[in-house]
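The numbers here are math on the coordinates, done by the rules we state, and not lab data. Nothing here was measured: the structure is a model prediction, and the numbers come from that model. For neighbour counting, all protein chains shown are included, and Cβ atoms are generated from backbone atoms with ideal geometry for every residue, glycine included.
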């Protein structure tokens, strides 16, 4: 998750809600922390003194997914004074101290817990291209179902929920769907993505008409499935509309 | 603008773009700093260690306008590493030092300028109710035309422009217009607000139809102007839709 040194801005972090779409599920990347209890965290970290905030988010994203140039947008500031409970603070600082005895602990001169403000981002990645990578603090790092989130540290669940809300607002308006699919996709795959994100069915004929009327897709050859006649067409976003990275 | 002490988070500030509407102009509040050159700044300040970030923005807003419970929303983080030029830093820290010789200067142990990250907000207030208040750093504090901004310190002009962009996006969608008008208004006043914010004319009949079709306004008595027959109707947002504060 994060570790602070004098090279970092003292009380400011970034956290990333990294979404991927797989088998009709909208997934996000979580770390299972090395703790006795099962507690999960969003990928995040401190911001370097010389680093733009957005570059800090890109760095975290790259560390955890190995990919760059993906869709990334700010969700907002998580800045409640009490966003980190005493219990979460104890658990986390104990873990950090064990792993990195030389690193400055996140406490002030009076030995009180240091307040942290986090700038949250959401990112959209092609699930097929990403194998989540753990860091020292993690027992594991993997994809989890956004509809069935485990117990999360700090206010990370609120961040995940805000990410989902903003994704719903923007999927259509900002044509974000192509960031969650492979470069080419069938109409059925696109519809399944919409049904998953909005958590409701879209009648197939209406959906196809609505999407094609937007005049944003390019139809390609049929997907090869063995039975040519029944094969669905492949589509991709028109190249002049691309909004990747 | 801001002064930091040990009670504050070291490298984090808030800044507010406070909009008001007057005589067909969209205005915002700026401080003219006590400097030889004419340099202006948005109202802002450091965040107290015990204070929610949003409460810091509300505090700044109250200090400068004397009012509370107004529409306030986060614009985003201004977090470029080089957002404060050396020249602006010199000017501002010199001024702060003169006024407050006892206050910790915004430099690090190596005597280098300290990087500041700012969370920007925008607020919508009733122009008639607000007399901008200056603080010690200001020569004056007043309303300025958002279409004709003076030279601003740091990246404050970008914040003002982002505020205008977000206001345009949201005026209609989030029914924000009532926050910029008195509680009751004529259709003409509402139209003038739209024309000002979007900087284009709206044909009167179309505009009235479009707004009334939204079914969000309540029609009240005619505005008293002396000539009753020609007096325009007054409207207000239906009370169940209010989004103030």
**Prompt:** Quick one, what does Rg over Rh come out to for the stretch B:126-237 if you take C-alpha atoms and the Kirkwood Rh?
**Reply:** 1.04
**Request:** May I ask for the angle, rounded to the nearest 10°, between helix A:187-198 and the longest principal axis of chain A, with both axes built from Cα atoms and the value confined to 0 to 90°?
**Result:** 40
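Can you give the percent of C-alpha pairs in the protein assembly as shown whose distance is more than 40 Å? Don't skip to the end; give the middle numbers.
Working: 39563 of 119805 pairs.
Taking all Cα-Cα pairs of the protein assembly as shown, the fraction more than 40 Å apart is 33 percent.
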**Prompt:** How far apart, in nm, are the 7 Å Cα→Cβ label points at residue A:6 and residue A:223?
**Reply:** 5.7
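What fraction of the DSSP beta bridges in the stretch B:8-170 is antiparallel, stated in percent and rounded to the nearest 5? Each step should come with its number before you reach the end.
Numbers: 25 of 34 bridges.
Rounded to the nearest five, the antiparallel share is 75 percent.
For chain B, what's the relative contact order in percent, using C-alpha pairs closer than 8 Å and at least 6 residues apart? Provide the component values of the computation, followed by the final result.
Values: 408 pairs, mean separation 60.7, N = 245.
RCO, chain B: 25 percent.
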**Request:** Please give the helix B:86-99 orientation as an angle from the longest Cα principal axis of chain B, in degrees from 0 to 90, rounded to the nearest 10.
**Result:** 80
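Two decimals, Cα atoms only, Kirkwood Rh: what is Rg/Rh over the stretch B:51-187? Kindly include the intermediate steps, with their values, before the conclusion.
Details: Rg = 17.1 Å, Rh = 17.2 Å.
Radius of gyration relative to Kirkwood radius: 0.99.
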**Request:** Place the label 7 angstrom along Cα→C-beta at residue A:173 and in each other copy, then list the distances from the first to the rest in nm, shortest first.
**Result:** 0.2
**Message:** Please list, in order, the residues from the stretch B:169-184 whose amide nitrogen is less than 18 Å from a point placed 7 Å along the Cα→Cβ vector of residue B:242.
**Reply:** B:175-184
**Asked** Based on DSSP, what percent of beta bridges with both residues in the protein assembly as shown are antiparallel, to the nearest 5?
**Response** 80
**Average other protein chain Cβ within 10 Å of Cβ, residues A:77-90** = 3
**Shortest-first nm distances, residue B:238 label point to equivalent points in other copies (7 Å, Cα→Cβ)** = 3.8
**Fill in**
Distance in Å, no decimals, from the C-alpha centre of the stretch A:171-190 to the one of the stretch B:154-198 is 33
**Message:** If packing is taken as the average count of other Cβ atoms within 10 Å, what order do B:118-129, B:25-36 fall into, highest mean first?
**Reply:** B:118-129, B:25-36
**Request:** In nm to one decimal, list the spacings between the residue B:136 label point and its equivalents in the other copies, with label points set 7 Å along Cα to Cβ, shortest first.
**Result:** 4.3
**Item:** Highest-first arrangement of B:42-48, A:203-209, where packing means the average Cβ count within 10 Å
**Value:** B:42-48, A:203-209
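List the equivalent ellipsoid semi-axes of the stretch A:176-241 in whole Å, largest first, each obtained as the square root of 5λ for an eigenvalue λ of the Cα gyration tensor.
Values: eigenvalues 69, 47, 28 Å².
That gives 19, 15, 12 Å for the three semi-axes.
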**Prompt:** Any idea what Rg and Dmax come out to for chain B if you just take the C-alpha atoms, in Å?
**Reply:** 20.2, 74
**Item:** Inter-label distance, nm, simple model (7 Å from Cα along the C-beta direction), residue B:139/residue A:230
**Value:** 8.0
**Prompt:** Once both axes come from the Cα atoms, what is the angle between helix B:53-65 and the longest principal axis of chain B, in degrees from 0 to 90, rounded to 10?
**Reply:** 70
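Mean residue ellipticity at 222 nm from the helices of the protein assembly as shown, using -39,500 (n - 2.57) per DSSP H segment of n ≥ 4 over the full residue count, to the nearest 500 deg cm²/dmol? Mind showing how you got there, number by number?
On the way: 10 runs with 134 residues, N = 490.
After summing the helix terms and dividing by the residues of the protein assembly as shown, the value is -8500 deg cm²/dmol.
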**Fill in**
Rounded to a whole number, the mean other protein chain Cβ count within 10 angstrom for residues of B:118-128 is 1
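When the convex hull of the Cα atoms of the stretch A:1-79 is projected onto a plane and the area is averaged over all directions, what value comes out in nm²? Mind dumping the intermediate values first?
Values: hull surface 26.9 nm².
Convex hull of Cα atoms, orientation-averaged projection: 6.7 nm².
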